[in-house]
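Data block below; observations after.
No value in this document is a laboratory result; all are computed from the given coordinates. Keep in mind that this is a model prediction, so the values were computed, not measured. Heads up, the Cβs are rebuilt from the backbone with ideal geometry, glycines too, and the neighbour counts pull from every protein chain shown.
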Amino acid sequence: MSAPAESRRLAGPDVAALGDALAAALAPDRVLAGEDVLRQHGTDESFHAPAPPDLVAYPLDVDEVARLVRVCAGHGAAIVPFGAGTSLEGHVAALRGGVSVDMSRMDAILRLSIDDMDVTVQAGVTRRRLDERLRPEGVFFSVDPGANATIGGMVATGASGTTTVRYGAMRENVVSLLVVTADGSVVRTRSRARKSSAGYDLTRLFIGSEGTLGLICEATLRIHPTPEAMAAAVCPFASLEGAVGCVVDVGRLGIPVARIELADAAQIDAINRHDDMDHEVAPTLFLEFHGSQTEVEAQAAEVQEIALSSGASRFPWATDETDRRRLWHARHRAYDAARATRPGSQGLTTDVCVPVSRLAECIAETQADIETLGLPAPIVGHVGDGNFHVAVLVDPDDPGEIERAEAFHRRLVRRAIAMDGTCTGEHGVGYGKAEFLVEEHGPEGVAMMRAIKRALDPADLFNPGKMADAAAAPPAST
Ligand SMILES: Cc1cc2nc3c(=O)[nH]c(=O)nc-3n(C[C@H](O)[C@H](O)[C@H](O)COP(=O)(O)OP(=O)(O)OC[C@H]3O[C@@H](n4cnc5c(N)ncnc54)[C@H](O)[C@@H]3O)c2cc1C
């Protein structure tokens, strides 16, 4: 996919002047312009065309971020926030040049309160580092995307993960944020109180804002006690319909599973080969149960009964910690495993999410579409939330394959939207999914998003050319 046309890039002398001003505001060794570092910061993990910034800056604290924003505003330079660069929709591409603000050196864990069950971190802390800090305290942060993303990036994309079905996505787990806005103001979006009815929900406005409204510098997050007991199960089914039917029944009965993840036979085969595992090659649910010993046993027994009556061939469940970790490690690397089945390929990763009652229908129609597509396209999904991904493996040098994969993606998104679903359950819009925004929200919804953007960022400094900015009229049918 080609990036939208560039405009407003700074000329060479302007870049030099901007670099000098930023070096004075931060430190000369934290403003870089080398070719490699620019390329790396304009490139994400997707097959969307990259676009390098003119400069990369590394602030250390909120005051430096505020100074940096004022300098960029004074020079008319775009600002593209950068976390770990693991996003999938061209989010970090500097479509209009400017400064990539790399938050990775703002990586302090500032405060942990077990009594309040919250933790405050700088935006550049990665989810694995946070996990390492929290685990010995007997608590954990639940949102676990498959990549080692930063908390700032996860807030900005409204990320979720395998435990969202039980503990919620970022939207449910962010208490408050400290953000720097376009005029360099520092705004705390909310207090740390458990509840608040005081005005608009500024926190949620920034969750999913994808760097288009301001720079997230700190986040206060909800944490959870580590459950007394945990058990995992891997459950192969005779058919995908059976596996999805089991998910719907588990949800209807309100069984509080901690994880319920689907992989189709192609994805299981890829995981077996990539991670040296020997799962039965069949549509499979990966499950996890949290609670007291008795609760875990009761949940597992209930789900076992539903699974066996939905066509599961067996329901082995285990409490062994090493096996459990190995299992989820392999699940988190499903995308790498899929890509390894076609060396040199790039994945066009879809991300639709539908009401759980429409999930079976949506997956069945998608499977039929995959059969005519002629490209490898394994399915994996957070099906407890109605969210699933198809990784269409394309040869990045074959425009014909890319065109077929994109047409498949459009059909899938329209199918999901027609079922009252969304084009993206968790990855976000970037510029890759902007074409679907009007179809999903209507022109009025997109107009409201643009009005918010204009009000908070009138000079269009933050991540220009993305999200609502890039939303167009619905594309012609393909
Ligand atoms: C193998 C793989 C598996 C994945 N699995 C999942 C998954 O299970 N669930 C899921 O939700 N996602 C998943 N993702 C996508 C990705 O990991 C998430 O979107 C993640 O939240 C991005 O975080 P990041 O730190 O890499 O952000 P980046 O990619 O650096 O940035 C993402 C966006 O956020 C903005 N941004 C970053 N930091 C800030 C900040 N401090 N302030 C303001 N804006 C900011 C950027 O401008 C950009 O628009 C996966 C990706 C890969 C490669």
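Structure data summary
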quantity	calculated
Rounded, prolate or oblate (a/c below 1.5 giving rounded, otherwise prolate when a/b exceeds b/c) for region 42-103 by Cα gyration tensor	oblate
Ascending count of other beta-carbon atoms within 10 Å, so fewest first, for ARG454, ARG133	ARG454, ARG133
Principal-axis tilt of helix 359-373 within the chain, Cα atoms, nearest 10 degrees	80 degrees
Distance (nanometres) between label positions extended 7 Å along Cα→Cβ at ARG128 and ILE109	1.5 nm
Estimated dipole of region 6-149 in Debye, rounded to 20 [Cβ of Lys and Arg +1, of Asp and Glu -1, Cα centre]	220 debye
Cα-based shape type of region 2-112, given that a ≥ b ≥ c are square roots of the gyration tensor eigenvalues and the cut on a/c is 1.5	oblate
Using θ = phi - 60° and Karplus 6.51 cos²θ - 1.76 cosθ + 1.60, couplings along region 337-349 (whole Hz; Gly, Pro as x)	4, 4, 5, 5, 6, 9, x, x, 7, 10, x, 8, 9
On Cα atoms only, tilt of 321-332 relative to the major axis of the chain in degrees	60 degrees
Cross-link reach list, lysines versus LYS453, counting only Cα pairs under 23 Å and skipping chain neighbours closer than eight places	LYS433, LYS466
Neighbour-count ranking [beta-carbon atoms within 10 angstrom, fewest first] of HIS91, HIS441	HIS441, HIS91
Cα gyration tensor shape of region 265-331, rounded if a/c is under 1.5, else prolate or oblate by comparing a/b with b/c	oblate
FRET efficiency, ALA73 to LYS195 (Cβ-Cβ, R0 41 Å, nearest 0.05)	0.70
Residues ARG135 and LEU375, FRET efficiency given R0 of 41 Å [Cβ-Cβ distance, rounded to 0.05]	0.55
Estimated inter-spin distance, ASN148 and ARG342, nm [label 7 Å along Cα→Cβ]	2.8 nm
Exposure proxy ranking, count of Cβ atoms within 10 Å, fewest first, for GLU288, GLU401	GLU401, GLU288
Computed [θ] at 222 nm, deg cm²/dmol, the chain (DSSP H ≥ 4; -39,500 (n - 2.57); rounded to nearest 500)	-11500 deg cm²/dmol
³J(HN,Hα) computed for each position of region 452-464 - Karplus, 6.51 cos²θ - 1.76 cosθ + 1.60, integer Hz, glycine/proline x	5, 4, 4, 5, 8, 9, x, 8, 6, 6, 8, 6, x
Vicinal HN-Hα couplings computed from phi for region 47-61 (Karplus, 6.51 cos²θ - 1.76 cosθ + 1.60; Hz; Gly/Pro x)	9, 5, 4, x, 8, x, x, 8, 8, 10, 10, 10, x, 10, 8
The chain: angle of helix 265-275 to the longest principal axis, Cα-based, in degrees nearest 10	70 degrees
Three semi-axes of the equivalent ellipsoid, the chain, Cα gyration tensor, whole Å, largest first	37, 27, 20
Potential lengthening between HIS329 and ARG252 on full extension [0.36 nm per residue; Cα-Cα distance subtracted]	24.9 nm
Distance (nanometres) between label positions extended 7 Å along Cα→Cβ at ASP397 and ILE452	4.3 nm
q = 0.15, 0.20, 0.24, 0.33 Å⁻¹: log10 I(q)/I(0) that the Debye formula gives for region 105-151, counting C-alpha atoms only	-0.35, -0.62, -0.88, -1.38
Total formal charge among the other residues, if their Cβ is under 13 angstrom from that of ALA84, Lys/Arg +1 and Asp/Glu -1	0
Check: the chain dipole with +1 on Lys, Arg Cβ and -1 on Asp, Glu Cβ, in debye	1160 debye
Euclidean distance between Cα centres, region 95-117 to region 25-90, Å	14 Å
Distant-in-sequence amide H partners of HIS389 (H built 1.01 Å from N, under 5 Å)	VAL380, GLY381, HIS382
Chain lengthening between ALA24 and ARG188 when straightened (0.36 nm per residue, less Cα-Cα)	56.4 nm
Computed E for ARG39/ALA17 - FRET, C-beta separation, R0 25 angstrom, nearest 0.05	0.65
